[in-house]
Structure formats: C-alpha cells, structure tokens
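The values are calculated or read from the model by the stated rules, or taken from the named source; none is laboratory data. Here the structure is a predicted model, which is why all the values come from computation and not from measurement. Please note: Cβ atoms are built from the backbone with ideal geometry, for glycine as well, and neighbour counts cover all protein chains shown. Heads up: the accessible areas ignore ligands, DNA and RNA and are worked out on the full protein's heavy atoms, side chains in. Shrake-Rupley method; radii C 1.70, N 1.55, O 1.52, S 1.80 Å.
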Amino acid sequence: MPFRSVLANLKHITFWPALAGILLVLALTVADEQRFVAITTSVNAAIIDHFSALFLYSAVALLGLCLYIYCSPLGRMRIGGGQAARIYSPFRWFAVSLTTVIAMGILFWAVAEPVVHFREPPDFSGVEPGTDAAMIFSMSTVFVHWTLAPYAIYTVAGLTFALAFYNLGCEFSVGSLFRPLLGRGLAEPVAQVIDGLVLFAVVVGMSAVLSAGLLLIGDGVQFLFALPKSPGIYAAIAGFIVAVALLSAASGLRQGIQLLARINTMVFVLLLFYLLLVGPTAFIVRIGALSLFDFLIDFFPRQLLWSEPEGSRWSGWWTTAFYASWFAWAPLSCLFLGKIARGYTVRQFILVNLLLPSLFSVLWFSVFGGATLYFDSVGDGSMFAAYQSEGLAAMAYQLFSYLPGSATLSVFFVFACLVSFITATDSNTDAIGGLCMKAVTAERMGSPFVIKLLWAAVIGVIGWCSATYLGTDGIKMLANLAGLPGVLIVLGSGISLLVLARRLT
C-alpha cells in the first residue's frame, strides 16, 4: 500500500497519541531510570491496594459466563454464519490460538514460580516452607494463575469480538466489543480513543514480555557459550526476534503465523515429553495429581484469596499481578483470536480457547514445576539458590543441568523461547496493524507492512530498555499497569456477550 494511502486510512486518534505516549515512556526510562521505577512502583501499589478484588472476582465471573454461553443456544451458532469458510484446520487453529496467548509465559514461569512459592509461601497460607504441604500449595497456586480463570478472560473478549466482527459486521476495533451493548451510541472518535488506550497498554505489556524473554534467552546464551549478559547481547536477540517476526508477518496470515505456531506447539510437546521421560516421572505424576485435586476442591477460596489478611501485598505480586497482565493483553489479543475463528461454532471457540489450553497448562506446569520442586528438595534448595544468586530466568538452565543431555536441552529451550516470542510478535503486530487502520474489514483483513514494522521496532526498543535497565520486578510492574483499563474493557465485552446471546438466538 502506498505511504500516502496508509496515512489516509490511518486512525489518527488511535495512532498518534499512543505512539507519543509510548515514546514518552521510553524517554523516561532512559533519562531517569530510578524516577521511572519510583513512579511505576507507587502507581502499581495503588492499583494493588484498591483494585485487587476487581481483578480476582472479574476473572471468576468471566469463567462462569463462559460456562453459561457454552450451555446456551448461542453455543450452536457458527461464527461468520452457516456457510462461513474456515481460515485454519482444527489443529492449526488450536496451535495458533495457544501460542498466541501464552507467548513466553509458560517458559519463564513454569520453573521459577513453583520454587518461589515452595520456599516462600505467604504467612496466611498456613504451610511451612519446604514441606510437602508447601509443594502442593505452590503447584495449586500455579494452576490458579495459569489455567481456567485466566483463559476465560481471553475467551470472553475473543468470542465477543468474533461475533461482532463476523456476524454483526462491526469494524476491526476494540470498540466493537461494545457495539452490541451500546449500538451506534458509541461514537467513532470514542471508539478510536479506546483503541488508542488499548494500543498503548498492549505495546507496553508486550515489551515487558519481550524483556522477560530477553532475560531468559540471555541466561541461555551465557550458560551455553559463556557470553556475559550485556545490552549488546539483549539488542542482538531483540533484533533477531523482531526481524523474523516481520518476515513471517509479510508472508500473510495463512502462511507465516500458522507455520510458526505449528513449530512452536511441536517444540512445546517435545520438551514436555522429554522432561517427563527422563525426569522424576513418578514424583511429577503424584505432585501434579495432588495439586490439581487441591486446586479443584478449594477453587473459590484460592481464586478469590478469602484467607489473605487486609494489608497483605502477596496477591499484588502474584495472583492480582498475573490477572492484571492477562486483562492487559486481552483487548488486543481478542482481535486476533476472533479474526482466526471464522467458520467454527461458539462451543468450539470456548473449547479451543478455554478448556484445551487449560489442560495443556496443567500438564506443562505439572511436568516442569514438579521436576523443579523435586530437584530443589533433594538438592537442599539448589534451585532456590539459583534464583537468589542469578534471578528467575536462570532457574530453567539450573534444572536442565540435572538432566541427561543438558547442553542439547538448553539449546532446544533457547530455540523454543525464540520461536515462542516470534509467534506472539507476529500475531500481535498483525492485530496492532489492523487496530491502527480504518480499512480492515471481514473481507479485507490485512494491514500495511510499514505499520507492522513501526510497532515491531518500538516493541523491540522498549523491550531492550526494560531488560537492560529495569529487571524482572520492573517488567512485572509495566505489565500490571496496563491491567486496569483492560479489566474494564473485558467486563464490558462480557455484558455485550450476554446481549448477543439474546439477540442472535
């Protein structure tokens, strides 16, 4: 598309303020790192103090809404109408949806989070650190953060957009999530303002996830090749990820992204089965089953943290923080998830975006988390010591050092990290590009490559700055700050979905 045509079709209210705000964040990070961290820390603390309950109860409510919609007559409706052609086959659809949503989260946290909860459970949990009870607490807590309720957030937003975009003919915009509720009462400038807020929040959040990936891959490069972590190493990794993602994006929705997603899914499966085969299999099965049982029988108290005392900050660094991150990503990810779901029924959408990813997460965290807990317990806290001395990202390579073929496994893991984030970058830059343009419709879904190039470059630069200057805690805070507008948008989409359930059936 010629540059003049790109400018003519640009949503100016969405594009320019979001870009200016992101460049301001970048300038503040580079100019005064300590002041930037202080500001984000205070805002993050205010969100935790005043809105934790909103995040927790909203996630559970959205899970209940998914169950209701699945059982309702709307569940039989086909996205795009009865004759709508599918974009992907069932397996490719699942692979793209799965890898788009989880990005690098399961790679970064599957090893790190269980050990931290095992050695540092909160006081209100009533378990002693380092005990069998602490193991079960740690794994069931991971299931809270990475299974049903979080995936319900994406499912509700994605399903609402899919029906609005394909069945009602709404525009490619986050504002379309509110069209069933507000009709044409939502003015176009207001819809563009919403898109701009989402664009700002998601680019910052995506940069935060890229930062975590840079830390993880940087530790792998250091472990494998004895290259010290440095800004130059992080820049090279970020540049490679962004370049390959753009090559994939240039090849189109049906080619690059689905190929990456299939490779990504197969890499995950191979890692999963290899670790299950050569690791402490009996221990993994036992701790996974006991933790899943504990998670299910104590579901609502654990999801809603009924036992956490007033003034506790534990949920702010864990459950609320994770949910804030899920809510922050949902308004943009729903555009991509909804766009690729054409031709499938509402029930199939819920199955592929809620139930199957949750089951995959149970398996993944049981295997990786269980193996990590085993080696930490028999090694007198060696995994936790790696966390204290080297940080969260280094723990995966500490785990691999206990397994056969550790060097090969580490290379494979670094490859998984690269492919995982390339896949997520491709899908999200596609959605970002569409969000900035007026001309995206159900019949014409592409967006200009120059727009994808710009945002991919911005994400890469901010991710590099975050990895270089902020570290893990700063990255978590960046992701958290985008959650508050996200939860309001997703709750609005949930109400719209209820309206659609009555209108379309």
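Can you give the extra length, in nm with one decimal, that the chain gains between Thr345 and Thr131 once fully stretched, where that is 0.36 nm per residue apart less the Cα-Cα distance?
72.5 nm
Any idea what angle helix 471-481 forms with the longest principal axis of the chain, computed on alpha-carbon atoms, 0 to 90 degrees, nearest 10?
40
Expressed as an acute angle from 0 to 90° and rounded to the nearest 10, what is the orientation of the C-alpha long axis of helix 449-465 relative to the principal long axis of the chain?
30
Would you kindly derive the ³J(HN,Hα) couplings of the range 187-200 from the backbone phi angles with the Karplus curve 6.51 cos²θ - 1.76 cosθ + 1.60 (θ = phi - 60°), listing them in order in whole Hz, with x for Gly and Pro?
For the range 187-200, the Karplus curve yields 5, 4, x, 5, 4, 5, 5, 4, 4, x, 4, 5, 4, 4 Hz.
Taking the simple approach of a point 7 Å from Cα along Cα-to-Cβ for both Val278 and Ala8, what is their distance in nm?
The answer from the label model is 5.9 nm.
Over the chain, what is the mean sequence separation of C-alpha contacts under 8 Å (at least six apart), divided by residue count, expressed as relative contact order in percent?
Relative contact order here is 36 percent.
First check a/c for the range 257-330, with a ≥ b ≥ c the square roots of the eigenvalues of its C-alpha gyration tensor; if it is under 1.5, answer rounded, and if not, answer prolate when a/b is larger than b/c or oblate otherwise.
It comes out oblate by the Cα gyration axes.
Classify the range 192-327: rounded, prolate or oblate, from the alpha-carbon gyration tensor (a ≥ b ≥ c, eigenvalue square roots; a/c under 1.5 rounded; otherwise prolate if a/b is larger than b/c)?
Taking the square roots of the gyration eigenvalues as a ≥ b ≥ c, the range 192-327 is oblate.
Along the range 303-316, what does the Karplus equation 6.51 cos²θ - 1.76 cosθ + 1.60 (θ = phi - 60°) give for ³J(HN,Hα), rounded to whole Hz, x for Gly and Pro?
With the stated coefficients, the range 303-316 comes to 5, 9, 6, 5, 8, 6, x, 5, x, 6, 9, 4, 5, x Hz.
Enter the Cα centre distance for the pair the range 398-415 and the range 482-505, rounded to the nearest angstrom.
Value for the Cα centre distance between the two parts: 43 Å.
Name the long-range amide H neighbours of Thr345: under 5 Å, sequence gap of 5 or more, or other chain; modelled H, no Pro or chain starts.
Ile79
Sequence gap of 8 or more, or different chains, plus Cα separation below 27 Å: how many lysine pairs satisfy both in the chain?
Value for the chain: 8.
Given H placed 1.01 Å from N in the peptide plane, which residues other than close sequence neighbours of Met437 have an amide H under 5 Å from its amide H?
Lys11
Compute the accessible area per residue over the range 160-306, keeping the other protein chains in place, probe 1.4 Å, unit Å².
Counting only protein heavy atoms, the per-residue value for the range 160-306 is 40 Å².
³J(HN,Hα) across the range 224-235 via Karplus (A = 6.51, B = -1.76, C = 1.60, θ = phi - 60°), whole Hz, x for Gly/Pro?
Once θ is set to phi - 60°, the couplings for the range 224-235 become 7, 10, 6, 8, x, 5, 7, x, x, 5, 4, 5 Hz.
So, with a 1.4 angstrom probe, what is the percent of accessible area on the chain that is carbon and sulfur?
So the carbon and sulfur contribution to the accessible surface is 67 percent.
Direction-averaged shadow area of the convex hull around the Cα atoms of the chain, nm²?
Dividing the Cα hull surface by four gives the mean projection, 21.7 nm².
By how many degrees, between 0 and 90 and to the nearest 10, does the Cα long axis of helix 406-435 differ from the longest principal axis of the chain?
With both axes taken from Cα atoms, the answer is about 20 degrees.
Please give the contour-minus-distance gain from Met266 to Val43: 0.36 nm per residue of separation, less the Cα-Cα distance, rounded to one decimal in nm.
Full extension from Met266 to Val43 adds 76.3 nm.
Give the dimensionless ratio obtained when the Cα radius of gyration of the range 72-176 is divided by 2.2 N^0.38 Å.
Here the answer is 1.52, to two decimals.
Quick one: length gained pulling Ala61 to Arg286 fully straight, 0.36 nm per residue minus the C-alpha distance?
Using 0.36 nm per residue and subtracting the Cα-Cα distance, I get 77.9 nm.
Given a 1.4 Å probe, how much area per residue of the range 325-437 is accessible, in Å²?
Per residue, the range 325-437 has 24 Å² of solvent-accessible surface.
For the range 322-375, what is the Kirkwood estimate of the hydrodynamic radius, computed as the reciprocal of the mean inverse distance between distinct Cα atoms, to one decimal in Å?
13.2
Where the centroid of each part is defined by its Cα atoms, how far is the range 52-99 from the range 125-151 in Å?
27
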